[in-house]
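The values are calculated or read from the model by the stated rules, or taken from the named source; none is laboratory data. This is a predicted model, so every value here is computed, not measured. Please note: Cβ atoms are built from the backbone with ideal geometry, for glycine as well, and neighbour counts cover all protein chains shown.
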Amino acid sequence: MHTIAHIVEEHGGRLFAYLLRLTGNQDTAHDILQESVTRCMERYEGREVSPSLLFTVARNAFIDHVRRNGRYAGLDDDHPDPAADQEHAAIVKDGFLNVLRGLQTLSDEERDILSMVAGGGLSYGEIAGIMSMSAGNVKVKVHRARLKLKEYLEGGNHE
């Protein structure tokens with residue numbers, strides 16, 4: 001039996017990465033992660049849970065957050081990395097923010113599905129269950145979202 005603690009321990013990093021891609025803000029992603037775990041503990045404690053259940057709860061918590069607070073709070077421009085030299089840190093930060101901006105140009109559904117694949121490590125079948133669509137449809141949407149993101153990143157005019 002997989003407990004909530006076991007699932008969070010095993011998949012928490014991927015879930016946080018997924019939420020960070022959705023929100024573009026570390027604090028918001030962390031808050032939604034905590035809310036998701038709390039909801040799971042309240043509703044599913046003592047029962048068998050799966051990573052896809054945790055991602056579904058997190059996705060719903062994100063949707064609730066957006067409804068409460070308006071669209072998106074914006075990109076988090078403060079990602080300090082004191083261990084890296086400043087030039088390298090600036091390049092990494094710029095690239096990270098550029099990808100986040102590119103993700104914001106996608107539709108909510110495209111961003112959600114692509115974030116589950118990239119950050120969540122979920123299979124197309126698991127994502128299909130979460131999104132209530134076929135695995136084939138998920139594959140098509142992932143492919144199209146990747147093409148749009150690639151086009152944005154290669155376009156160069158992002159500001």
Within region 92-109, considering residues that are over 19 Å from G155 (Cβ atoms) and at pLDDT below 75, the one surrounded by the fewest Cβ atoms within 10 Å (Cβ to Cβ) | V92
Only one residue in H6, H11 is modelled with pLDDT under 85 and either more than 24 Å from D108 (Cβ to Cβ) or hydroxyl-bearing (S, T, Y) (or both). Which one?
-> H6
Do the conditions hold for L54, that is, is it within 18 Å of A118 (Cβ to Cβ), modelled with pLDDT under 85, surrounded by 15 or more Cβ atoms within 10 Å (Cβ to Cβ) and not charged (D, E, K, R)?
-> yes
When region 13-63 is examined, which residues are found to be within 13 Å of the chain's Cα centre (by Cα) and of a type in the set (V, I, T)?
-> T23, T28, I32, T56, V57, I63
